[in-house]
Amino acid sequence: MAVDLLLGLQWGDEGKGKIVDVLTKNYDIIARFQGGPNAGHTLIFDGRKHVLHTIPSGIFHKTALNVVGNGVVIDPVIFKKELENLDKHNIDYTSKLLISRKAHLILPTHRLLDAASETSKGKAKIGSTLKGIGPTYMDKTGRNGMRVGDLELDNWKDKYNALTEKHLKMLKFFDVQIEYNLKELEAEFSKGIEKLKTLTFIDSEEFLNTAIKENKTILAEGAQGSLLDIDFGTYPFVTSSNTTAAGACTGLGVAPNRIGEVFGIFKAYTTRVGSGPFPTELFDVNGKTMAKVGHEFGATTGRPRRCGWLDLIALKYAVDVNGVTQLMMMKGDVLSGFDTLKVCTSYNYKGEEISHLPYNIEPHNVSVNYTEFKGWEDDLTKMTSEDQLPKNLLDYIAFIEKETGVPVSIVSVGPDRKQTITR
């Protein structure tokens, strides 16, 4: 049985959590493969809003097992809070949530290093969520990191102390002062570790490959978005992990030939949180309307998202890099009421018109060429089938399908799991 894969095709915040929640009924196992608490996957159902940061988005379903894979980094403090939020809804996560022993742990000093690094950059800051993600992945690749499996060893506290001591020395190299109380931070960390140890730790690659052989259905859940990939994103304004399809293989221990469907999630327009180039960004009333109607604020940081027209050049790039087999369009309802819609169909790059994503898309190198479409006035939020969708929206979708060569199989018309139209 193949592993299906779901990931974001833009700069994150595409609505992956909702679609995982919608699709979970079709799967035995939901597995997160990268990222950490810098993710914010929002699910809305039964009149309630839930935000998950590290826990897979299938946790609210009674039957599915949820796996936090080896490619994920875990902050025990934030993880404890997530579990406590699930307690309020009587979710039996002790039997449904499994943690890879090879997942790395975010220490309190990782967060301090993150804050010091970002502050020291001044205007050149990358827009980090300050969750300690980058320093944790740096320790991982530097072969210094602590992993979940270390907590089962007698000397794990010695390893923790040695790494913390190293981090405190590193903090002295930054020319900024970060106020902190390490004892308070460590007290919270200790409580988080105790909560984490109540869960089942697994050798996730063995678990998942056995599940494949037993014909279990598996959905791999990505975090952030393809344009934030450490290799293929808008570097250096990216995250610290591989958010693309390849990251599912290394983040779960699944071979490339085990990947089946690749579901690519994108918004009907484009958003971005934090710093970095954004060719189709809008600074006018259209951008403000998208932000207001779309409630464009980060689920993790609360920061307002920058908004702009759909960038088809970037979308096609993400489709190719990931081998997307099905597209899923989110927030089509937000565009209701616009007289005219625009889609970026080419760039002017250093005096030449191009239709691919170049090495650098900073404003001094790139300007945008648009194709215009007629908008629609209809309120989509009450619609339940494709035949109810306005013609102009269907034309918009058809153009995207033609340009990408990939069908749009789901259209989301609202934040609730019920507001999802399958085509």
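Pairing each residue of region 1-16 that is small (Gly, Ala, Ser) with any residue that is in a loop (DSSP other than H, G, I, E, B), provided the two are 6+ apart or on different chains, yields C-beta distances under 6 Å for Gly8/Glu14; Gly8/Gly225; Gly12/Gln224; Gly12/Gly225. Here Ala211 does not fit the description of being of a type in the set (A, V, I, L, M) and either exposed (fewer than 13 other Cβ atoms within 10 Å of the Cβ) or modelled with pLDDT under 95 (or both).
A single member of Gly332, Gly298 is among the small types (Gly, Ala, Ser), touching a residue at least 60 places away in the same chain (Cβ under 8 Å) and closer than 20 Å to Thr234 by Cα, and it is Gly298. Under the condition of being part of a helix (DSSP H, G or I) and of a type in the set (A, V, I, L, M, F, W, C), which residue from region 161-175 is farthest from Asp150 (Cα to Cα)? Across region 161-175, the extreme among qualifying residues is Leu171.
Do the conditions hold for Ala223, that is, is it in a helix (DSSP H, G or I), out of contact with any helix residue (DSSP H, G or I) (no Cβ under 7 Å at 6 or more places or on another chain) and hydrophobic (A, V, I, L, M, F, W, C)?
Working: in a helix (DSSP H, G or I): no; out of contact with any helix residue (DSSP H, G or I) (no Cβ under 7 Å at 6 or more places or on another chain): yes; hydrophobic (A, V, I, L, M, F, W, C): yes.
No: the conditions fail for Ala223.
Going through region 320-334 one residue at a time, which ones are touching a strand residue (DSSP E or B) at 6+ places or on another chain (Cβ under 6 Å) and either modelled with pLDDT under 95 or surrounded by 21 or more Cβ atoms within 10 Å (Cβ to Cβ) (or both)? If the condition is that a residue be touching a strand residue (DSSP E or B) at 6+ places or on another chain (Cβ under 6 Å) and either modelled with pLDDT under 95 or surrounded by 21 or more Cβ atoms within 10 Å (Cβ to Cβ) (or both), then Asn322, Val324, Leu327, Met328, Met329, Met330, Lys331, Gly332 are the ones that fit.
Residues that are part of a helix (DSSP H, G or I) and either in contact (Cβ under 8 Å) with a residue 60 or more places away in the chain or under 15 Å from Gly134 (Cβ atoms) (or both) within region 85-119 comprise Pro108, Thr109, His110, Arg111, Leu112, Leu113, Asp114, Ala115, Ala116, Ser117, Glu118, Thr119, listed in sequence order. Of all the residues in region 120-139, those that are assigned to a helix (DSSP H, G or I) and surrounded by fewer than 18 Cβ atoms within 10 Å (Cβ to Cβ) number 5. A count restricted to region 23-42 and to residues that are small (Gly, Ala, Ser) and either surrounded by fewer than 18 Cβ atoms within 10 Å (Cβ to Cβ) or not in a strand (DSSP E or B) (or both) stands at 3. Can you name the residue in region 211-220 that is of a type outside the set (Val, Ile, Thr) and in a strand (DSSP E or B) and is also farthest from Met138 (Cα to Cα) among such residues? The qualifying residue farthest from Met138 (Cα to Cα) is Leu219. What do you reckon, is Glu352 touching a Lys or Arg at 6+ places or on another chain (Cβ under 6 Å), free of Cβ contacts under 8 Å to residues at least 60 places away in the same chain and surrounded by fewer than 21 Cβ atoms within 10 Å (Cβ to Cβ)? Answer is no for this residue.
For region 51-77, what are the residues that are closer than 18 Å to Ala39 by Cα and at pLDDT 95 or above? Quick ask: steps written out before the conclusion?
Kept after step one, since they are closer than 18 Å to Ala39 by Cα, are these residues of region 51-77: 51-60, 66-77.
Residues satisfying the conditions are Asn66, Val67, Val68, Gly69, Asn70, Gly71, Val72, Val73, Ile74, Asp75, Pro76, Val77.
Screening region 43-97 for residues that are among the small types (Gly, Ala, Ser) and more than 16 Å from the chain's Cα centre (by Cα) and picking the one that is surrounded by the fewest Cβ atoms within 10 Å (Cβ to Cβ) gives Gly47.
How many residues are among the β-branched types (Val, Ile, Thr) and farther than 13 Å from Leu97 by Cα if we restrict to region 184-208?
From region 184-208, those among the β-branched types (Val, Ile, Thr) are 193, 198, 200, 202; that's our starting set.
Right, trim to farther than 13 Å from Leu97 by Cα and you get 193.
Final tally of qualifying residues: 1.
Where residues in region 287-317 are basic (Lys, Arg) and not in a helix (DSSP H, G or I), which of them is nearest to Pro415 (Cα to Cα)? This residue is Arg305.
Restricted to region 266-299, and to residues that are among the β-branched types (Val, Ile, Thr) and surrounded by fewer than 21 Cβ atoms within 10 Å (Cβ to Cβ), which residue is farthest from the chain's Cα centre (by Cα)?
As a first pass, look at region 266-299 and keep what is among the β-branched types (Val, Ile, Thr): 270-271, 273, 280, 285, 289, 293.
Within this subset, residues satisfying the condition of being surrounded by fewer than 21 Cβ atoms within 10 Å (Cβ to Cβ) are 285, 289, 293.
Working: Val285: 28, Thr289: 24, Val293: 22 Å.
Here the answer is Val285.
Of the residues making up region 230-286, those that are part of a strand (DSSP E or B), farther than 26 Å from Ile74 by Cβ and among the β-branched types (Val, Ile, Thr) number 2. Put simply, of Gly260, Gly253, Gly222 the only residue that is farther than 16 Å from Gly8 by Cβ, touching a strand residue (DSSP E or B) at 6+ places or on another chain (Cβ under 8 Å) and touching a residue at least 40 places away in the same chain (Cβ under 8 Å) is Gly260.
Screening the candidates Leu163, Leu153 for the property of being free of Cβ contacts under 8 Å to residues at least 24 places away in the same chain, within 25 Å of Gly71 (Cα to Cα) and aliphatic (A, V, I, L, M) yields one hit, Leu153.
The values are calculated or read from the model by the stated rules, or taken from the named source; none is laboratory data. Since the model is a prediction, treat every value here as computed from it, not as a measurement. Cβ atoms come from the backbone with ideal geometry, glycine included; neighbour counts cover every protein chain shown.
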